[in-house]
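No lab work stands behind these numbers, since they all come straight from the coordinates. Not measured: the values here are computed from a predicted model. Here the Cβ positions follow ideal geometry from the backbone for every residue, glycine too, while neighbour counts run over all protein chains shown.
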Amino acid sequence: MAAGVRSLEWVGGRVRWLNTLKVPWEEEYVETSDYERLAVAIESMEIRGAPAIGVAAALGVALAASDFSGGLDELRSRLLRAIDRFSRTRPTAVNLFWALERMREVVSGEYANAEELRESVIKEALRIYEEDVKVNVAIGEVGSKLVEDGDTVLTHCNAGSLATAGYGTALGVIRSAWYSGKRVRVIATETRPMLQGARLTVWELVKEGIPVTLTSDSMVGYVMSKKLVDKVIVGADRILKSGHVINKIGTYTIAVLAHHHGIPFYSAAPTSTIDPVGRVEEVVIEERDPDEVRKVLGRLLITVPGVKVMNPAFDVTPPNLVSGIITEKGVATQPYEESIGRLLKL
Ligand code: MRU
């Protein structure tokens, strides 16, 4: 079982990550002991993908603990400031808030001195990191049972090693099916405007020898009409108990097309991506810099300068279009209120 690249690591009091903005042209690893630098890496999408930003934020709080030499109360205040800073990096993926809540609980505990608090914070961040890889492998095992030998699976954006602490969610399912001996083929969508599919998913799969074909987002309908897709498997940034899947912009379009063509549409995500209380009207969809749309990756201007732009980073796929939600605890299916409630033991 290959786990894919380790895009994020804790190396003795520093965090090291692969700058995904540079992939596939360069493999640039960046290292810092400064939590503010890590927060900027999340905002700028050097580190991206729902589980990865949750893990990175937890490691960021650990950074804030590890390079501080003051007393207990000062350390606690500093950690709460770090938690607040990370909670303002990106608004949509629930894993970020889930990981920060775990860190906040540890920070709020009873400690005899600053050293005890520091150790507990670092331990919890590393636990979140390690759990993520294990959970992804479990998602892969659960989901690979849905993939048949010879299937062509279409995926959108990047829900692989580069979006998690390792292994991936949607790509974890594909990896698991592939390494269990199933001949799987992947169609990766380009994923405008940040091109996570073309740059990251293709890079990960080519590296591992898993067959992949790239298509642009606007070609999906045609590709499906030609019966070239057996299943769609995508990740998620937030899943509501109602079964609404919030994921990379363009996911909803693909789900509508899959429904029209009778193709099963799955979302693979850890249960930490499930928001059990949020309602669809309350979900904040991140609106990003208009230049991401006006230009190709900040380089080539492809329109009239200053044109008004819409750039929502995510969309909402309603539950009636979702055939199943693959988690480490099993597959939830309609009606989602019940099946997700069972998985989460609510
Ligand atoms: O804007 P991004 O690149 O952070 O968006 C990522 C996605 O939408 C992924 O599909 C999602 O986070 C799942 S990653 C396992």
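In the frame of its principal axes, region 95-209 has Cα extents of 59, 33, 21 Å, reported largest first. With neighbour counts taken as other beta-carbon atoms within 10 Å, the residues Lys248, Lys207, Lys308 rank, fewest first, as Lys308, Lys207, Lys248.
Label-to-label distance for Leu72 and Ser87 is 2.4 nm, based on points extended 7 Å past Cα in the beta-carbon direction. Bridges between two residues of the chain, per DSSP, are antiparallel at a rate of about 55%.
GNM on the chain, C-alpha springs below 10 Å: top fluctuator among Leu117, Leu162, Leu301? Looking only at Leu117, Leu162, Leu301, the biggest GNM fluctuation is shown by Leu301.
Provide the FRET efficiency to the nearest 0.05 for the Asn311-Lys134 pair, computing r from the beta carbons and using R0 = 35 Å.
0.50
Taking the Cα centre of region 243-303 as origin and assigning +1 to Lys and Arg Cβ atoms and -1 to Asp and Glu Cβ atoms, the resulting dipole is close to 300 debye. With springs only between Cα atoms under 10 Å apart, run a GNM on the chain and tell me which of Pro335, Pro305, Pro24 wobbles the most. Among Pro335, Pro305, Pro24, the largest GNM mean-square fluctuation belongs to Pro305. Among Val316, Val11, Val283, the largest mean-square fluctuation in a Gaussian network model of the chain (Cα springs under 10 Å) belongs to Val11. Averaging sequence separations of C-alpha pairs under 8 Å and six or more residues apart, then dividing by the length of the chain, give the relative contact order as a whole percent. Relative contact order comes out at 17 percent.
Listed by chain and number, the lysines whose alpha-carbon sits under 29 Å from that of Lys227, ignoring those within fewer than 8 places in the same chain, are Lys145, Lys182, Lys207, Lys248. Its Cα centre serving as origin, region 8-137 has a Cβ charge dipole (Lys and Arg +1, Asp and Glu -1) of approximately 300 debye. Axis angle, to the nearest 10 degrees, between helix 114-144 and the longest C-alpha principal axis of the chain: 10 degrees.
Cross-link partners for Lys123 among the lysines, with Cα-Cα distance under 21 Å and sequence neighbours closer than 8 places in the same chain left out: Lys134. Would you please give the FRET efficiency between Arg16 and Leu297, computed as 1/(1 + (r/R0)^6) with r the Cβ-Cβ distance and R0 = 25 Å, to the nearest 0.05? Given R0 = 25 Å and the Cβ-Cβ separation, E is 0.60.
Of the cross-linked pairs Lys231/Lys295; Lys241/Lys329; Lys226/Lys295, those separated by over 21 Å at the C-alpha level are Lys231/Lys295; Lys226/Lys295. Taking +1 at the Cβ of each Lys and Arg and -1 at the Cβ of each Asp and Glu, which of Gly306, Thr164, Val280 sits farthest along the dipole of the chain towards its positive end, judged by Cα position relative to the Cα centre? Going by the charge dipole, the pick is Gly306.
Projected over all directions and averaged, the alpha-carbon convex hull of region 230-346 occupies 8.7 nm². In the chain, with Lys and Arg counted as +1 and Asp and Glu as -1 at Cβ, which of these residues, Leu214, Val15, Thr317, has the Cα nearest the positive end of the dipole, that is, farthest along it? Sorting the options by dipole projection puts first Leu214.
Reported to two decimal places, what Rg/Rh ratio describes region 143-216 when computed on Cα atoms with Rh from the Kirkwood expression? Computed over Cα atoms, the ratio is 0.94. Measuring how big the chain is from its alpha-carbon positions, Rg and Dmax come out at 19.8, 66 Å. Enumerate the residues in region 143-177 having an amide nitrogen under 13 Å from the point lying 7 Å beyond the Cα of Thr213 toward its Cβ. What the label zone holds, given the 13 Å backbone N cut-off, is 151-155. Building the convex hull from the alpha-carbon atoms of region 8-137 and averaging its projection over directions returns 7.5 nm².
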